Ligand code: FPP
């Protein structure tokens, strides 16, 4: 008997939300929820590899998150460092390429050095690309692309007509996501139904799944259930089928 052919999204992106509430429900500090959230990152990365997803991206820290209490920001950065150190061998074993995108100028030199090292070590892995958005916001991304264009025009005024003729594909190459496809599926946990300044340009035709599950509880079964729901969606991209 022929097996059902599953429709697997090429790029799944997750807005990981609800760590603080998960910790509060247990009478613990918010950072306890972030630490538990790292386990969900591990579980979803494994599930993505197992299911044949090619890109998994995670909204780990927004430009707006810099406004959180200093000790929470510090703990989150420490968790990233710890996770990178601990997970590198597993990323290599599972053939996972690791990429960080965002306003890296705001990150510390030591964190940037570690990110560069992890990205270089995993650069030729091909089974899954794991993208972590750090110090990222969609409006910042579009603005940095526009500023790059302005600089180019100032340096090369003779290219004005060519630059004015730019199309959507070419502009997309100026975003930090130039090398990764737009997300097919965006999942947000914890019952919040908003994009919160995430991938504003790239989400134009993404499918959305909003779930009440808090991020530390979002593990392999929840990831697989989201893929099953995605498989039922009818994507028309503004056209008629
Ligand atoms: C949202 O929960 C979660 C975050 C802002 C941080 C997510 C980061 C991690 C899970 C850490 C590690 C990441 C990697 C990639 C290793 P919240 O604090 O907004 O929760 P709340 O809405 O309940 O307050």
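Taken as a whole, the range 38-52 holds at least one residue that is more than 11 Å from the ligand (Cβ to nearest atom) and surrounded by fewer than 14 Cβ atoms within 10 Å (Cβ to Cβ).
Checked against (1) under 29 Å from residue 110 (Cβ atoms); (2) within 12 Å of the ligand (Cβ to nearest atom); (3) modelled with pLDDT of 95 or more, residue 25 passes all but condition (1).
Mind counting the residues in the range 24-63 that are over 23 Å from residue 85 (Cβ atoms) and assigned to a helix (DSSP H, G or I)? Can you show your working first?
Residues of the range 24-63 that are over 23 Å from residue 85 (Cβ atoms), as a first pass: 24-28, 50-55, 62-63.
If we keep only those that are assigned to a helix (DSSP H, G or I) as well, we get 24-25, 50-51, 63.
Residues flagged as over 23 Å from residue 85 (Cβ atoms) and assigned to a helix (DSSP H, G or I) within the range 24-63 amount to 5.
Here is a yes/no grid of residues against (1) more than 19 Å from residue 51 (Cβ to Cβ); (2) surrounded by 14 or more Cβ atoms within 10 Å (Cβ to Cβ); (3) away from the ligand (no atom under 14 Å from the Cβ):
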residue	(1), (2), (3)
180	no, yes, yes
191	yes, no, no
199	yes, yes, yes
202	yes, yes, yes
218	no, yes, no
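Whenever a residue of the range 28-40 is over 23 Å from residue 13 (Cβ atoms), its partners that are modelled with pLDDT of 95 or more and in a helix (DSSP H, G or I), lying with C-beta atoms within less than 8 angstrom and at least six residues away or across chains, give the pairs 29/23; 30/19; 30/20; 30/23; 30/24; 31/23; 32/23.
The numbered conditions (1) under 26 Å from residue 220 (Cβ atoms); (2) assigned to a loop (DSSP other than H, G, I, E, B); (3) touching a residue at least 40 places away in the same chain (Cβ under 8 Å); (4) touching a helix residue (DSSP H, G or I) at 6+ places or on another chain (Cβ under 8 Å) are all true for residue 134 except (2). Return yes when residue 111 is within 16 Å of the ligand (Cβ to nearest atom), under 21 Å from residue 54 (Cβ atoms) and surrounded by 11 or more Cβ atoms within 10 Å (Cβ to Cβ) and no when it is not. For residue 111, the condition - within 16 Å of the ligand (Cβ to nearest atom), under 21 Å from residue 54 (Cβ atoms) and surrounded by 11 or more Cβ atoms within 10 Å (Cβ to Cβ) - is not met.
Of the helices (runs of 4 or more DSSP H) entirely within the range 153-241, those holding at least 3 residues that are under 25 Å from residue 60 (Cβ atoms) and modelled with pLDDT of 95 or more occupy 220-231.
The values are calculated or read from the model by the stated rules, or taken from the named source; none is laboratory data. What you are looking at is a predicted structure, and each value in this text was computed from that prediction instead of being measured. In this analysis, Cβ positions are derived from the backbone assuming ideal geometry, glycine residues included, and neighbour counts consider all displayed protein chains.
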